[in-house]
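Take a look at the structure set out below.
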Amino acid sequence: MSTAAAIILGLVQGITEFLPISSDGHLTLFQQFLRLDAPPLAFDVLLHAATLLAILYYFRKQLFSFYLSFWKESIVATIPTALIGLFLLKVTPQVFNSPVIAGFGFLVTSLLLLVAHLRPPGAPKSSGQVSHAAALAIGVFQGFAVLPGLSRSGSTIAAARLFGFSHYRAFELSFLLGIPAIIAAFVVSLPDIASFDQSLLTPSIIGFVVSFASGLLALRLLDTLMMRKTLLPFILYTFLLGCLTLGIFYI
C-alpha cells in the first residue's frame, strides 16, 4: 500500500466516521472512482481503532458519569444495534460494496437529517433525561446504519431529535450511546489483526495518525454546527452526492 493510499483512507475514515455523511458509503465510492482495492483487514481494523480512540478522547470528561448513570439505557441501545447489524451483514452481504445502495443510502440520510433539522423544539431535555424508548430508537436506527450510505451519526441524531432532544444533546447522545456498539464491533474484528503484514507497518502508522487527527477535527466541526443548530451543510451534501451516485451507477 502506498503512502498516498494510506493518507486517503485515513482521511476518509476519520472525517466520514463522525460527520453525518456515511463512512461506508464514501469508502465504496472512493474504491470505485480511484480504483482502490479494499484495504487489508488488519489495516482497516487499525483505522477503526484510531477513530475509536478519537471518540473516547473527545468525550473523556463525560464517559464515567454518563455510563454510571445510564448503563441500562446503553444496554437497551446496544442490543438492537447488534441484532439488526448482524442480521443485515449475514443476509445481505452483497449490498455492502454496491454504489447504487450507497446512493440510495445517501438520500435516506439526507431525509433523516432534514427531519432532524426541521423538528420543532419540544420541552427542553438534557442528556440526563434518556428514556428506554429513546435509547431503543437510537439503537434501532444505529443498527440499520451498517448499510452503505446510511450515516450512523446522522441516523442516531435524527432519532434523538425525534424524541425532543436539542441539536447538541442529540449530538452527545449519538456518540455516548453509540460507543458500546463501536467498541463491540472493534473487538469482534480484532482476530483480523492476525493477518497483519509487516510491509504495512509504515502505511498503518500513517493511516492511524491521519484517521485519529481528522476524526478529532470532524468531531469538533460537528460539535460547532450542532451548537449552531444546523444540519443544512450535511443535508445538501448527502442529497447531491446521492443524486450524483445514482446518476452515474443506476440511471
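Within region 19-37, the set of residues being closer than 24 Å to residue 175 by Cβ and either outside any helix (DSSP H, G or I) or touching a Gly at 6+ places or on another chain (Cβ under 6 Å) (or both) comprises 19, 20, 21, 22, 25.
Checked against the criterion of being touching a residue at least 60 places away in the same chain (Cβ under 8 Å) and farther than 21 Å from residue 25 by Cβ, the candidates 202, 224 yield just one match: 202. All of 111, 68 fail the test of being out of contact with any strand residue (DSSP E or B) (no Cβ under 9 Å at 6 or more places or on another chain), surrounded by fewer than 14 Cβ atoms within 10 Å (Cβ to Cβ), among the aliphatic types (A, V, I, L, M) and without any contact (Cβ under 8 Å) to a residue 40 or more places away in the chain, apart from 68.
Restricting to region 231-243, give me the number of residues that are buried (at least 19 other Cβ atoms within 10 Å of the Cβ) and either modelled with pLDDT under 95 or not β-branched (Val, Ile, Thr) (or both). Total meeting the criteria: 4. The helices (runs of 4 or more DSSP H) found entirely in region 143-251 that carry 2 or more residues being among the β-branched types (Val, Ile, Thr) and under 23 Å from residue 74 (Cβ atoms) are 152-162, 179-189.
Which one is nearest to residue 64 (Cα to Cα), of the residues in region 158-205 that are of a type in the set (S, T, N, Q) and surrounded by fewer than 19 Cβ atoms within 10 Å (Cβ to Cβ)?
This residue is 189.
Residue 68 meets the conditions (1) out of contact with any Pro (no Cβ under 9 Å at 6 or more places or on another chain); (2) modelled with pLDDT of 90 or more; (3) among the aliphatic types (A, V, I, L, M); (4) part of a helix (DSSP H, G or I) in every case but one. The failed one is (2).
For the structure I just gave you, tell me whether residue 110 is modelled with pLDDT of 90 or more and either over 28 Å from residue 63 (Cα atoms) or in contact with a Gly (Cβ under 6 Å, 6 or more places away or on another chain) (or both).
It is true that residue 110 is modelled with pLDDT of 90 or more and either over 28 Å from residue 63 (Cα atoms) or in contact with a Gly (Cβ under 6 Å, 6 or more places away or on another chain) (or both).
Restricting 194, 218, 185 to residues that are more than 27 Å from residue 32 (Cβ to Cβ) and either touching a His at 6+ places or on another chain (Cβ under 6 Å) or of a type outside the set (Asp, Glu) (or both) narrows the list to 194. Sub-7 Å Cβ pairs linking a first residue in region 1-28 that is aliphatic (A, V, I, L, M) and crowded, with 24+ Cβ neighbours inside 10 Å to a second residue that is at pLDDT 85 or above and not in a helix (DSSP H, G or I), at least 6 apart or interchain, are 21/151, ordered by first then second residue.
Filter region 206-230 down to residues that are exposed (fewer than 13 other Cβ atoms within 10 Å of the Cβ) and not hydrophobic (A, V, I, L, M, F, W, C) and give me whichever is farthest from residue 174 (Cα to Cα).
Result: 228.
Just name the residue that is nearest to residue 246 (Cα to Cα) out of those in region 64-82 that are among the hydrophobic types (A, V, I, L, M, F, W, C) and touching a helix residue (DSSP H, G or I) at 6+ places or on another chain (Cβ under 7 Å). Spell out how you get there, then give the answer.
Within region 64-82, the first condition is being among the hydrophobic types (A, V, I, L, M, F, W, C), and the residues that meet it are 64, 66, 68, 70-71, 75-77, 79, 82.
So of that shortlist, the ones also touching a helix residue (DSSP H, G or I) at 6+ places or on another chain (Cβ under 7 Å) come out as 66, 76-77, 79, 82.
Numbers: 66: 41, 76: 35, 77: 32, 79: 33, 82: 29 Å.
Here the answer is 82.
Criterion first (over 30 Å from residue 226 (Cβ atoms) and either of a type in the set (A, V, I, L, M, F, W, C) or modelled with pLDDT under 90 (or both)) does residue 166 satisfy it? The answer is no for residue 166. Taken together, 203, 124 contain a single residue that is farther than 25 Å from residue 32 by Cβ and modelled with pLDDT under 90, which is 124.
The values are calculated or read from the model by the stated rules, or taken from the named source; none is laboratory data. What you see is a predicted model, and the numbers here were worked out from it, not measured in a lab. With ideal geometry, Cβ positions are generated from the backbone for all residues, glycine too; neighbour counts draw on all protein chains shown.
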